[in-house]
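Have a look at the structure below before the remarks.
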Amino acid sequence: MSRRYSETIGGYCNRLLRVDLTSGLCSVTPLAEEAVLRKYIGGVGLGMRLLLDEIRPGMKATDTDSPLIMLAGPLAGTSAPSSSNVTVVALDHNSPGGAAAGSAGGYWAAYLKHAGYDGLVVTGRAREPVFLSIEDEKVAIRDASAFWGLDTRDTERLIKRSLFEHSKFSVACIGPAGEAMLPGASIRNDRNHGVHIGGVGAVMGSKRLKAIAVYGSRPVPLASPVKFDDVTLVWSRSVSTESDSFGSAIDRATELLGHVPESESQVLMGRQLAKASLAVAFRDQLATAAADSWTVVPKGCFNCGTVCAYDCHVNEGEFARASASICGCYESVGDVAEILGITDPSAAIAVIDYFHALGIDSALASTVMARAFQLFDSGIVTLDDTNGFELASGSVDSLRELLDQIVEGYGFGGEVLRKSLTEIARISFAARNLCAESTDCGTTEVGGRVGPEREPPKPDCPKSNAVLLQKGSGGEWGDLGLRPAHRMASKDSVTGIRSTPRPHSQHLWANCLGVCLSACRGVDGAMSFSAQAVAHATGWEDFSANEAHSIEEMVASLHRRVVLERAGGQRRNRQLLGVDRSAG
């Protein structure tokens, strides 16, 4: 017999914090019944289920009653390896349909669990800017007028300073891009981490919610603590074995910066670095700079043994004293440099930090900016169009100015590229969904890679529509675009089920659990270890790796269900997506 709301299930606090910013009321409700928890686990799975319960047909991401959901899984804040991930779920602001679901590491999720909450749902809109502080049982909505307009770096620092014993809090916040409700706006936390998928920062900004600061001091309840600690110890050792080849944490950070596929045919270049050989050369320069002329400081997440986040401080040259807080490998820096034509690794560090400070997705914004630079170089965009502002390719000053224009809404960037940012985000989303049932497109994305066995998408593919920046008959500029990023759907060899685009099942499972992908991907026995951890945490002793795999497949289909809900379940959408809206 399953336990109901009133009973505590190990791994869960069974407490969902609900905040209505319109009324200013905060309340705590049970998370879910046991059957629901076992079906969706937590994180992205439970978050998407909650979203389906909260939304109505035709709802927009920035509507007052549109929910912003932040959840930690059952393993977050425990002794499981890298048990640090928070999942953010909301309606997709970048598109007219679908859901946004992304995850970030750091300490925020662990501290939320330690405060006694599995997650929070924010609705409503404050009259003036506010931030939320959570410290165990103490929850408060506080005035954020002094922080509105600040970048994410200053916001985190000053909000911590405003709180008692400030250094212990973890802060998730938005920057000016979120305040302006731009597509691609991100929520940044603990400096090195953030979620940008679907423009979740814009959803937070629409509520006039600048930040959420959290700290807790309670352990996560476990059904079988000894068994749980035993299996997570073995699991952690397996994760450590995988990362030992990197040597010290500093060696690992340096290695990550230079890690891209060795085969030149696997590198799909951006705007200026048109040859794969140039990308490999930039990678080598980046790794050399990190090792020889930068100070690289590893920054681990909660209970992290792999340390894939780090601060890079430039010590010499034109960009001396520039720094960036990064999480991930070469793509964090290299992709944006390739798209924007930056050839100096130190300049790339300065630009990446500016994107993060403003709180905007660097991949999405840099795609728009790169196209503008390209058209200026070719004479299609002129000084008359830019009000005398020269779009100098690869110039950090030009990049910063253009990004300021986009975010603040003035000049060529504010008048033309803002609209283009919206259009590219919309088309990219549409292409990803349309290609879910396609087998004629290769796997590609701007600044990403293609496998050597596949070609880039066919130029005449109707699912790869490009929207070009061009002057209309009235002399006004239209929308700007490139062929959108999209990936081919995959088909499970055992079940025959075609999943949603970019399924990355291990990532989905890790997000459900509340652990970093590094605890699962490439780790021998990770699926078995994680299933055992769930069993010992919750008391579901018959929980198995097979059940975990079935949950992955189910979670992968939830995005399609959200699309249907937003569209009101129209027949055309059912046919397109191949999903029965009435299915569980």
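The values are calculated or read from the model by the stated rules, or taken from the named source; none is laboratory data. Predicted model, so just to flag it, every value in this text is computed and none were measured. Every residue, glycine as well, gets a Cβ built from its backbone with ideal geometry; the counts of neighbours run over all protein chains shown. Remember, those area values only see protein heavy atoms, side chains included, never the ligands or the DNA or RNA. Shrake-Rupley method; radii C 1.70, N 1.55, O 1.52, S 1.80 Å.
Skip the ligands, DNA and RNA, and give the accessible area per residue of segment 56-154 with a 1.4 Å probe, whole Å². Show your work: numbers first, answer last.
Numbers: 2740 Å² over 99 residues.
Using a 1.4 Å probe on heavy atoms only, each residue of segment 56-154 averages 28 Å².
Just the accessible area for residue 138, please: 1.4 Å probe, Å², rounded to the nearest 10?
Around 130 Å² of this residue is reachable by solvent.
Pop out the ³J(HN,Hα) list for segment 150-158 in order, Karplus 6.51 cos²θ - 1.76 cosθ + 1.60 with θ = phi - 60°, rounded to Hz; leave Gly and Pro as x.
7, 6, 5, 5, 5, 4, 4, 5, 6
Using a 10 Å cut-off on Cβ atoms, rank the peptides 107-120, 364-377, 18-31 from the highest mean neighbour count down.
Details: 107-120: 26.2, 364-377: 23.8, 18-31: 15.2.
Ranked by mean Cβ neighbours within 10 Å, highest first: 107-120, 364-377, 18-31.
When the accessible area of segment 103-165 is split by element with a 1.4 Å probe, what percent falls to carbon and sulfur? Mind dumping the intermediate values first?
Numbers: 1190 of 2510 Å².
Ligands and nucleic acids excluded, carbon and sulfur give 47 percent.
Determine ³J(HN,Hα), in whole Hz, for all residues of segment 356-365 in sequence, where each value follows from phi through the Karplus function 6.51 cos²θ - 1.76 cosθ + 1.60 and θ = phi - 60°; x replaces Gly and Pro.
Calculated HN-Hα couplings, in order: 5, 5, 6, x, 9, 4, 5, 5, 5, 5 Hz.
Taking the Cβ of residue 532 as the centre, find all other residues whose Cβ is under 11 Å away and add up their charges (Lys, Arg: +1; Asp, Glu: -1).
Values: positive: 227; negative: 230, 541.
For residues surrounding residue 532, the net value is -1.
With just the Cα atoms defining each centre, how far is segment 117-155 from segment 352-393? Give it in Å.
Cα centroid of segment 117-155 versus Cα centroid of segment 352-393: 32 Å apart.
Give the share of C-alpha pairs in each 10 angstrom bin for segment 1-85, from 0 to the last occupied bin, in whole percents, shortest bins first.
Reading upward from the zero bin: 15, 43, 32, 9, 0.
Count the net charge of all other residues whose Cβ sits under 13 Å from the Cβ of residue 115, scoring Lys and Arg as +1 and Asp and Glu as -1. Can you show the working numbers first?
Details: positive: 15, 113, 138, 168, 218; negative: 118, 135, 136, 137.
Net charge in that neighbourhood comes out at +1.
Using a simple spin-label model with points 7 Å from Cα along the Cα→Cβ vector, what separation in nm is obtained for residue 550 and residue 154?
The modelled label-to-label distance comes out at 5.4 nm.
Using 5 Å bins from zero, what percent of all Cα-Cα pairs in segment 334-424 falls into each bin?
3, 15, 28, 28, 18, 7, 1
Based on the Cα atoms of segment 147-214, what semi-axes does the equivalent ellipsoid have, where each is the square root of 5 times one gyration tensor eigenvalue, given in whole Å with the largest first? Please list the in-between numbers first.
Values: eigenvalues 81, 26, 16 Å².
Over the Cα atoms of segment 147-214, the semi-axes work out to 20, 11, 9 Å.
Assuming R0 = 22 Å, can you tell me the calculated FRET efficiency for the pair residue 23 and residue 146, based on Cβ-Cβ distance, to the nearest 0.05?
Values: r = 23 Å, r/R0 = 1.06.
The pair residue 23/residue 146 has a calculated efficiency of 0.40.
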